Structure formats: structure tokens, C-alpha cells
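First up is the structure itself, then whatever we jot down about it.
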Amino acid sequence: MITGDLDRELAVSLSALAARGELPAAAARFTPGGTWRPAPAGQPATFATSLAFEIARLNGRTPADVAAILAAPFRDIPWIQAAEPAGDGYLSITVTPAALAASAARMAAAGLDCAQSAILRGTAATVRPWPDLAAAASWAEAWQDQADTMTGRLAQAAGATVTITSEWERGGLGPHAARDKRSPVYAAVAYLGASSARYRLARTSPGSTAQLEEMSQPRARAADPLYPVQQAHAEAASTLRWAADLQLEGLDPGERLADLLATPAEQELRGLLSWLPIRVASAARRQRPDELPRYLEQVAGAWLVCRQAAPALPFGGVAAPAEPELASARLVLVDAVRAAVGAGLALTGITAIERL
């Protein structure tokens, strides 16, 4: 959301700077999407891009000089709080609290579409049906099937042009392959459930499939990494249901949203949520689908802290909102959490649960 806005502004700036001769003409063809990363200082509202390093190769200027040129136009944009070179040539941009809060509101409104972007527009990907993991003969096969399918779905969400295939086109004999009950994957799916097994596969990094052998052991059920992520979604959904029952909905905090979501926990969560489209695109581009589940776990952890420090419902203890407007503002953030986690799980091949 917010990174998409930054992409558009940076694209406009590149064209203008190239037209004025302040940057090489070829700089106007650079695509900023996907170059954003968290600022080294870790401020929730600060975003850094490495684009200056790429542009510097065109004319021999230092990346720091290019970053300074790129920063100047951003200082005239109302929703930009600061823009300056950082490090050896990163462009660091800090958005206003109002812009970051508005990004959370847009995510809530977008629902499951909140992970979508145009970052990988112009690239191509293949979208396959989600594999029947219990039919895999080995963990390596199950991991590859999950990774291939998930990477295609991530690329599609990030704007890639996709070719959709069916099991028949992949050479299968029907909608379901035969299952080998001797397979360790079959045993783990039967023991843990399909969603838990799929999530563990999804979060496993390349070359680490050996650790999946532990999934058939009794302790695997107690240490389920999917549970806190599903819990975050279910608790957010439950909070919104309670709010509806208490008739707390309908009050729009408007321009006061940022002022009302001012606790450190809320600011941290807002900043983390804003990275969802970038994380999706990056995971697809790098063919590292495991990066998305680990991001969802970060969101779940930040949500746990936030709901305790800044509860949205009036019976949340001393930190509970005393005014309806504050409750409404916090509910916007709750809804953004539900949307982000739900979208992330969908891209993993898992349906988010509404109740635990």
C-alpha cells in the first residue's frame, strides 16, 4: 500500500529528473518496485530504497550523490515527512503518521486483496493447483511441489502475467494422485492435519527439508508454528464480531486516525503491515516462499503485543478505550491485521480460521 504510493512518486521523479538532465535519460526506465527495505534505524514509518546504486552505474556518480538528487523532490510532497540519503547511497524516506495510518485503513478496506501490487508487472509465472501433499513420496518432493505452487501464486499477487495449469496439463492422471501410506509425508498429514503440514513446508527454507522429518514425532503437535498465526486472525475476527455486537462500528476517525493510533505497539504494527506487498513480491522474485510465513509470524507477534497494550474493546482493562472514537480507530487496525494475515495464509494455500 504505502510502498506502492512511494513507487509512483519515485517513478514520476525519475522521469522529471531525467528530462531536466539531472539524471541520465536511462534512469527514467528504472522500476522502483521491489527495491524498498526497512530503514536501518528500524523506524516504522521509514522506508529505504537501493535504487540510487543502480542509477549510479549509468554515469559514474556516487550512489550517495544520486540519492541526494532523488531525495529533493520528495521534500515537497505533503505526506512525506523527511527524505535524505542514508548510508553509502540509500534513499531514506519517512512518511507522515497520517499516511501510515491511512495505509492500514486501505488494507482493511481491501481485504484479501491487500497483498496485491504491480511490482512484478512485466514478468511471467505459472500458477498450479495446490498439491495434495499426502501424495508426495518424500519430504523433498512435497517441499518442491509446495514451493513451486506458492511461488507462482505470490508472483501473480505481485502483478506477474501468469499461465494457469491444471493437474492434467502437468501429466497427472486425474484430480488426485494415488497416496502411498508408507510415505512420511502421508503420516505427517494424517497426524498434524493438512494445513499444519502445508504451513511447515511453506516456511521451510531451501535445502532444509531434513528438519521436516520431525513432523511425525509427538512433540511436533505442541510446537505448531501455524497456531499463533491462525490465532492472530481468529482473535482479530473475534474482536470485530464483539465490536459489532456492542455497536462500536460506524464511527469514522477520519484524519485523527494517526493521532489515535499513537502507542508504540500500534505504530510498530502499522509499519509492519505496510510491508506485506513488498514481502510477497520479494518472496516470489527470490524464489523464497518461506519468507512470507515468517513475516506472518512477525505480524502475529506484533499483534499480540498491540492487543494487550492497546485493546480495541471497552473491557480490555486499564488500557481499554474510554472514547468510542478511539475504539473505532483501533478497530481499523484490527481489521487490517485480519486482512493481512488472511491474505498471507491464502497465498500459502491455507484458509484462515474465524474462530479457534
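Summary table below
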| item | result |
| --- | --- |
| Scope segment 252-272; condition assigned to a loop (DSSP other than H, G, I, E, B), open to solvent by 20 Å² or more (accessible area, probe 1.4 Å) and of a type outside the set (Gly, Ala, Ser); matching residues | ASP252, THR263 |
| Filter result (among the polar types (S, T, N, Q) and either over 24 Å from GLN298 (Cα atoms) or modelled with pLDDT under 90 (or both)) within segment 173-214 | SER183, SER208, THR209, GLN211 |
| Residue ID - least open to solvent (accessible area, probe 1.4 Å), chosen from residues in segment 224-251 that are touching an Asp or Glu at 6+ places or on another chain (Cβ under 9 Å) and in a loop (DSSP other than H, G, I, E, B) | PRO225 |
| So ILE69, is it in a strand (DSSP E or B) and either under 22 Å from GLN267 (Cα atoms) or open to solvent by less than 70 Å² (accessible area, probe 1.4 Å) (or both) | no |
| Contacts under 6 angstrom Cβ, first residue in segment 326-346 being over 11 Å from LEU257 (Cα atoms), partner open to solvent by 10 Å² or more (accessible area, probe 1.4 Å) and among the polar types (S, T, N, Q), 6 or more apart | VAL334/THR239 |
| Sole residue being within 23 Å of LEU272 (Cβ to Cβ), part of a loop (DSSP other than H, G, I, E, B) and either among the charged types (D, E, K, R) or within 22 Å of the chain's Cα centre (by Cα) (or both), chosen from LEU100, LEU120, LEU91, LEU112 | LEU120 |
| Residue tally, condition farther than 30 Å from LEU260 by Cβ and not in a helix (DSSP H, G or I), over segment 280-313 | 5 |
| Matching residues, segment 110-122, being surrounded by fewer than 22 Cβ atoms within 10 Å (Cβ to Cβ) and either modelled with pLDDT of 95 or more or touching a helix residue (DSSP H, G or I) at 6+ places or on another chain (Cβ under 7 Å) (or both) | ALA110, GLY111, LEU112, ASP113, GLN116, SER117 |
| Pairs where the first residue, in segment 1-29, is closer than 15 Å to ALA281 by Cβ and the second is charged (D, E, K, R) and modelled with pLDDT under 90, C-beta under 7 Å, 6+ apart | none |
| Single residue of segment 10-24 satisfying the filter (closer than 26 Å to ALA160 by Cα and of a type in the set (A, V, I, L, M)) that is surrounded by the fewest Cβ atoms within 10 Å (Cβ to Cβ) | VAL12 |
| Residue tally, condition hydroxyl-bearing (Ser, Thr, Tyr) and assigned to a loop (DSSP other than H, G, I, E, B), over segment 123-150 | 2 |
| Test: ARG355 is open to solvent by 20 Å² or more (accessible area, probe 1.4 Å) and assigned to a helix (DSSP H, G or I) | no |
| Residue in segment 316-349 that is nearest to the chain's Cα centre (by Cα), counting only those that are surrounded by 22 or more Cβ atoms within 10 Å (Cβ to Cβ) and in a loop (DSSP other than H, G, I, E, B) | LEU347 |
| Candidates GLU323, GLU235 - the one that is more than 24 Å from GLN81 (Cβ to Cβ), of a type in the set (Asp, Glu) and at pLDDT 90 or above | GLU235 |
| Some residue of segment 29-52 being open to solvent by 50 Å² or more (accessible area, probe 1.4 Å), at pLDDT 90 or above and either assigned to a loop (DSSP other than H, G, I, E, B) or in contact with a Phe, Trp or Tyr (Cβ under 7 Å, 6 or more places away or on another chain) (or both) | no |
| Whichever residue in segment 276-315 is surrounded by 24 or more Cβ atoms within 10 Å (Cβ to Cβ) and not hydrophobic (A, V, I, L, M, F, W, C) and, among such residues, is farthest from the chain's Cα centre (by Cα) | PRO289 |
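The values are calculated or read from the model by the stated rules, or taken from the named source; none is laboratory data. None of the values given here were measured: they were computed from a predicted structure. So basically every Cβ, Gly included, is an ideal-geometry build from the backbone, and we count neighbours across all protein chains shown. Calculation scope for accessible area: heavy atoms of the full protein, side chains included, ligands and nucleic acids excluded. Shrake-Rupley method; radii C 1.70, N 1.55, O 1.52, S 1.80 Å.
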